[in-house]
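Asker: Dropping the structure in here first, questions after.
The values are calculated or read from the model by the stated rules, or taken from the named source; none is laboratory data. Small disclaimer: the values here were computed from a predicted structure and weren't measured. Cβ placement follows ideal geometry from the backbone for every residue including glycine, while neighbour counts extend to all protein chains displayed. These accessible areas exclude ligands, DNA and RNA; they are computed on the full protein's heavy atoms, side chains included. Shrake-Rupley method; radii C 1.70, N 1.55, O 1.52, S 1.80 Å.
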Amino acid sequence: MGVKMPSQPNVIVVGCGPVGMVMVLALIKRGISVTALEVLPEPIEDQRAATILPPSLEMLDDLGIAEEIIPLGLIAETTQYHDRTTGEMIAEFDFGTLKDDTRYPYCLQYEQYKIVNWLIEHLEGTPDLVIRFSTVVTDITDSGNQATVTVENVDGEEESITADYVIGCDGGRSMVRKSAEIEFVGFTYPERFLKIATEFDFNAAGFNYCKRNYFSDPDEWCNLFHLKGTSPAGIWRLLFPTRIGETDEECLSPAAMQTRLQKFFPKEGEYPIIYTGLYDVHQRVAEVFRKGRILLAGDSAHVNNPFGGLGLNGGIHDAVNLAEKLDIVLNGADDTLLNLYSRQRHKAQMNGIQAESIRKKKLMESSDGNI
């Protein structure tokens, strides 16, 4: 995709996931020329983040896309918290109570890969934008006056692309962060998370859950979210912790997955499983989000457990904050303003997202709903 390569883009964005593409949109909206680089040959159907919170919807509205994507997802007006052993609903949060505080008093259940595909399609042909897939970043150098990204293109040839700034949106294993020698501080949980998706319709079967459900238990908690998926009935996505030391084979065996599902939601017959995922879970934050002409956003800068959908939403906030400051700097302001981006978003992570996601996980593991 893209137009003729500009002689030198203002910004190179590395990584075309959801945060990278929102970053691209936020920069283009401000008239900043962008080259976006993605190692994969095409967008993938990544089934991780799927919740856009009210403040993020407001930001996407300011970027002109919220009203376009809202009909494509599911509106979640409430979140419910349940006790697993008794089945009792402990609490319900009604986003409608925020109607005087936000334009969007609800969450949007909209899978992150759909945001990526939608943005790529709608940015097609935008002047001063190039999006390149199958492009491997091998090195980044900062000369002080500009940054140069060395890549291996789809034909295996080496190229150099120079810009005023490089933004790493290339995930938790970020090549950009590693090139800048920025430490990724934090820890990894001893258990992993198992994701299971099913087309079984919980509500049609009489379970009567809302679109966002949490089931607490000190031994094994569960999250249950309703998503639109690709079928008229949608899908229900569940998240479980694994036992410490549990092998891939033990987690992913059909019998073990059915046992987990039946433990929480007993029914006649097996559940139809359409996809699964098993992954490590980290709580880590980059020491700084800016080093010279290299900047970080999204998972490149911070990762956390998925409780509350705070990772994707934090990345959207990064993109909007950074695009605003880059616009000011590229129009002549002192680039020390970018240090403010680093301080603001680092503080938001440490005092907000990291602390809150850890608290939510502990809450799910508690026996009385208190921590």
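Asker: Would you mind stating whether Arg177 is closer than 25 Å to Ile328 by Cβ, basic (Lys, Arg) and surrounded by 15 or more Cβ atoms within 10 Å (Cβ to Cβ)? Give the derivation first.
Answerer: Working: closer than 25 Å to Ile328 by Cβ: yes; basic (Lys, Arg): yes; surrounded by 15 or more Cβ atoms within 10 Å (Cβ to Cβ): yes.
Yes, satisfied.
Asker: Follow-up. Would you point out which residue out of Gly20, Gly15 is surrounded by 15 or more Cβ atoms within 10 Å (Cβ to Cβ), in contact (Cβ under 8 Å) with a residue 40 or more places away in the chain and at positive phi? Lay out the reasoning, then the answer.
Answerer: Working: Gly20 fails: at positive phi.
Among Gly20, Gly15, only Gly15 is surrounded by 15 or more Cβ atoms within 10 Å (Cβ to Cβ), in contact (Cβ under 8 Å) with a residue 40 or more places away in the chain and at positive phi.
Asker: Which of the residues belonging to region 132-155 are touching a strand residue (DSSP E or B) at 6+ places or on another chain (Cβ under 6 Å) and among the small types (Gly, Ala, Ser)?
Answerer: Ala147
Asker: Now for a different question. Which one of the conditions (1) over 25 Å from Ser366 (Cβ atoms); (2) open to solvent by 20 Å² or more (accessible area, probe 1.4 Å) does Gly229 fail to meet, given that it meets all the rest?
Answerer: Going through (1) over 25 Å from Ser366 (Cβ atoms); (2) open to solvent by 20 Å² or more (accessible area, probe 1.4 Å) one by one, Gly229 breaks only (2).
Asker: Next up: Might you check whether a residue that is of a type in the set (Val, Ile, Thr) and surrounded by fewer than 17 Cβ atoms within 10 Å (Cβ to Cβ) occurs anywhere in region 197-215?
Answerer: Looking through region 197-215, none of the residues is of a type in the set (Val, Ile, Thr) and surrounded by fewer than 17 Cβ atoms within 10 Å (Cβ to Cβ).
Asker: A further question on this structure: Kindly indicate whether Ala319 is small (Gly, Ala, Ser), buried (at least 19 other Cβ atoms within 10 Å of the Cβ) and assigned to a helix (DSSP H, G or I).
Answerer: Considered against the rule, which asks whether it is small (Gly, Ala, Ser), buried (at least 19 other Cβ atoms within 10 Å of the Cβ) and assigned to a helix (DSSP H, G or I), Ala319 comes out as yes.
A quick yes/no check of all residues on (1) surrounded by fewer than 20 Cβ atoms within 10 Å (Cβ to Cβ); (2) out of contact with any helix residue (DSSP H, G or I) (no Cβ under 7 Å at 6 or more places or on another chain):
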site	(1), (2)
Thr79	yes, yes
Asp83	yes, yes
Glu88	yes, yes
Leu98	yes, no
Asp101	yes, yes
Tyr106	no, no
Ile140	no, no
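Asker: If I go through region 163-194 residue by residue, how many of them are part of a strand (DSSP E or B), of a type in the set (Phe, Trp, Tyr) and closer than 30 Å to Arg237 by Cβ? Explain how you work it out, then say what you get.
Answerer: In the first step, residues of region 163-194 are kept if they are part of a strand (DSSP E or B); the result is 163, 165-168, 184-188, 193-194.
Checking which are of a type in the set (Phe, Trp, Tyr) leaves us with 165, 184, 187, 193.
Subset that is closer than 30 Å to Arg237 by Cβ: 184, 187, 193.
The qualifying residues number 3.
Asker: Can you find even one residue in region 256-268 that is under 30 Å from Lys178 (Cβ atoms) and either touching a Pro at 6+ places or on another chain (Cβ under 9 Å) or open to solvent by 30 Å² or more (accessible area, probe 1.4 Å) (or both)? Write out each step before concluding.
Answerer: Restricting attention to region 256-268, the residues satisfying the condition of being under 30 Å from Lys178 (Cβ atoms) are none.
No, because not a single residue in region 256-268 is under 30 Å from Lys178 (Cβ atoms) and either touching a Pro at 6+ places or on another chain (Cβ under 9 Å) or open to solvent by 30 Å² or more (accessible area, probe 1.4 Å) (or both).
Asker: Would you be able to tell me the number of residues in region 210-245 that are under 17 Å from Arg192 (Cβ atoms) and free of Cβ contacts under 8 Å to residues at least 12 places away in the same chain?
Answerer: Residues in region 210-245 being under 17 Å from Arg192 (Cβ atoms) and free of Cβ contacts under 8 Å to residues at least 12 places away in the same chain: 2 in total.
Asker: Cβ-Cβ below 6 Å, separation at least six or inter-chain, first residue in region 342-355 and under 13 Å from Arg284 (Cα atoms) and of a type in the set (Val, Ile, Thr), second open to solvent by less than 20 Å² (accessible area, probe 1.4 Å) and in a helix (DSSP H, G or I): which pairs?
Answerer: Between residues of region 342-355 that are under 13 Å from Arg284 (Cα atoms) and of a type in the set (Val, Ile, Thr) and residues that are open to solvent by less than 20 Å² (accessible area, probe 1.4 Å) and in a helix (DSSP H, G or I), the close pairs are Ile353/Gly314.
Asker: Among the residues of region 157-174 satisfying the criterion of being farther than 13 Å from Gly298 by Cβ and in contact (Cβ under 8 Å) with a residue 24 or more places away in the chain, which is surrounded by the fewest Cβ atoms within 10 Å (Cβ to Cβ)?
Answerer: Restricting attention to region 157-174, the residues satisfying the condition of being farther than 13 Å from Gly298 by Cβ are 157-166.
From what is left, the residues that are in contact (Cβ under 8 Å) with a residue 24 or more places away in the chain are 161-166.
Numbers: Ile161: 20, Thr162: 17, Ala163: 21, Asp164: 19, Tyr165: 25, Val166: 29.
Here the answer is Thr162.
Asker: When region 96-124 is examined, which residues are found to be of a type outside the set (Val, Ile, Thr), over 21 Å from Ile44 (Cα atoms) and out of contact with any Lys or Arg (no Cβ under 8 Å at 6 or more places or on another chain)?
Answerer: Gly96, Leu98, Lys99, Asp100, Asp101, Arg103, Tyr104, Tyr106 - these are the residues of region 96-124 that are of a type outside the set (Val, Ile, Thr), over 21 Å from Ile44 (Cα atoms) and out of contact with any Lys or Arg (no Cβ under 8 Å at 6 or more places or on another chain).
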